[in-house]
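J.: Supplied in structure tokens, the structure appears directly below.
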């Protein structure tokens, strides 16, 4: 890979099923192990509940569920990525998160129009490094407050 420049994007890589996804490091506060999640009644299906993270009650979303993928049991590799968007802190449950990559912004391509996958609405772009394909997630669409509120009057927090 070429030398990193100041203009390169730093991305956190995580896995769901057999695909690798990425979000910008500057949208990530921390990566945590999956601890006890307290269910909250009357929330949308992909909101798994809340956790108490260092004294802050943080809503937890299953990205598998959000992308209409089959749910999986949590294991020792499962992680919660604490993401921040517009001063809102939300935990994203992923199968694993174990890599940081640097990519040149010009290497990010728009998603193919025929992508046809369940998560297509949430994709910002794709990038390739060697033989690996990374799907960049648009957190604003994943955590869209208007859409969340429109789901039967239910929101992230109820």
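J.: Read through the list (1) touching a helix residue (DSSP H, G or I) at 6+ places or on another chain (Cβ under 6 Å); (2) part of a strand (DSSP E or B), then give the number of the only condition that residue 133 fails.
T.: (1)
J.: Please count how many residues of the stretch 52-91 are farther than 12 Å from residue 15 by Cβ, in contact with a helix residue (DSSP H, G or I) (Cβ under 9 Å, 6 or more places away or on another chain) and not in a loop (DSSP other than H, G, I, E, B).
T.: 7
J.: If you take the residues in the stretch 35-49 that are assigned to a loop (DSSP other than H, G, I, E, B) and surrounded by 20 or more Cβ atoms within 10 Å (Cβ to Cβ), which one is nearest to the chain's Cα centre (by Cα)? Before the answer, list the steps.
T.: Applying the first criterion (assigned to a loop (DSSP other than H, G, I, E, B)) to the stretch 35-49 yields 35-37, 39-46.
With surrounded by 20 or more Cβ atoms within 10 Å (Cβ to Cβ) added as a condition, the list becomes 43, 46.
Working: 43: 19, 46: 12 Å.
That would be 46.
J.: Note down all Cβ pairs under 6 Å where the first residue falls in the stretch 119-135 and is more than 21 Å from residue 69 (Cα to Cα), the second is surrounded by fewer than 17 Cβ atoms within 10 Å (Cβ to Cβ), and they're at least six residues apart or on different chains.
T.: Filtered contacts from the stretch 119-135: 127/107.
J.: Any chance you could count how many residues in the stretch 107-121 are within 17 Å of the chain's Cα centre (by Cα), at pLDDT 65 or above and not in a loop (DSSP other than H, G, I, E, B)?
T.: Of the residues in that region, 3 qualify.
J.: Right, something else. In the list 51, 61, which residue meets the criterion of being over 29 Å from residue 133 (Cβ atoms) and touching a residue at least 40 places away in the same chain (Cβ under 8 Å)?
T.: Numbers: 61 fails: over 29 Å from residue 133 (Cβ atoms).
Unique residue meeting the criteria: 51.
J.: Let me spell it out: the conditions are (1) more than 13 Å from residue 16 (Cβ to Cβ); (2) surrounded by 15 or more Cβ atoms within 10 Å (Cβ to Cβ); (3) in contact (Cβ under 8 Å) with a residue 12 or more places away in the chain, and residue 112 meets all of them except one. Which number is the exception?
T.: (2)
J.: Residue 89 versus (1) surrounded by 15 or more Cβ atoms within 10 Å (Cβ to Cβ); (2) touching a residue at least 40 places away in the same chain (Cβ under 8 Å); (3) farther than 26 Å from residue 49 by Cβ: which is the lone unmet condition?
T.: (3)
J.: Hey, another quick one. Of all the residues that make up the stretch 50-73, how many are crowded, with 17+ Cβ neighbours inside 10 Å and farther than 13 Å from residue 16 by Cβ? Spell out how you get there, then give the answer.
T.: Filtering the stretch 50-73 for residues crowded, with 17+ Cβ neighbours inside 10 Å gives 50-51, 53, 58-64, 66-67, 69.
Retained after the next criterion (residues that are farther than 13 Å from residue 16 by Cβ): 50-51, 53, 58-60.
Number of matching residues: 6.
J.: I need the full set of residues from the stretch 1-34 which are surrounded by 15 or more Cβ atoms within 10 Å (Cβ to Cβ) and at pLDDT below 90, in order please.
T.: If the condition is that a residue be surrounded by 15 or more Cβ atoms within 10 Å (Cβ to Cβ) and at pLDDT below 90, then 8 is the only one that fits.
J.: Among the residues of the stretch 136-145, write down those that are in a loop (DSSP other than H, G, I, E, B) and surrounded by fewer than 20 Cβ atoms within 10 Å (Cβ to Cβ).
T.: Of all residues in the stretch 136-145, those in a loop (DSSP other than H, G, I, E, B) come to 138, 143-144.
Those that are in a loop (DSSP other than H, G, I, E, B) and surrounded by fewer than 20 Cβ atoms within 10 Å (Cβ to Cβ): 138, 144.
The values are calculated or read from the model by the stated rules, or taken from the named source; none is laboratory data. Nothing here was measured: the structure is a model prediction, and the numbers come from that model. Cβ: placed from backbone, ideal geometry, glycine included. Neighbour counts: every protein chain shown.
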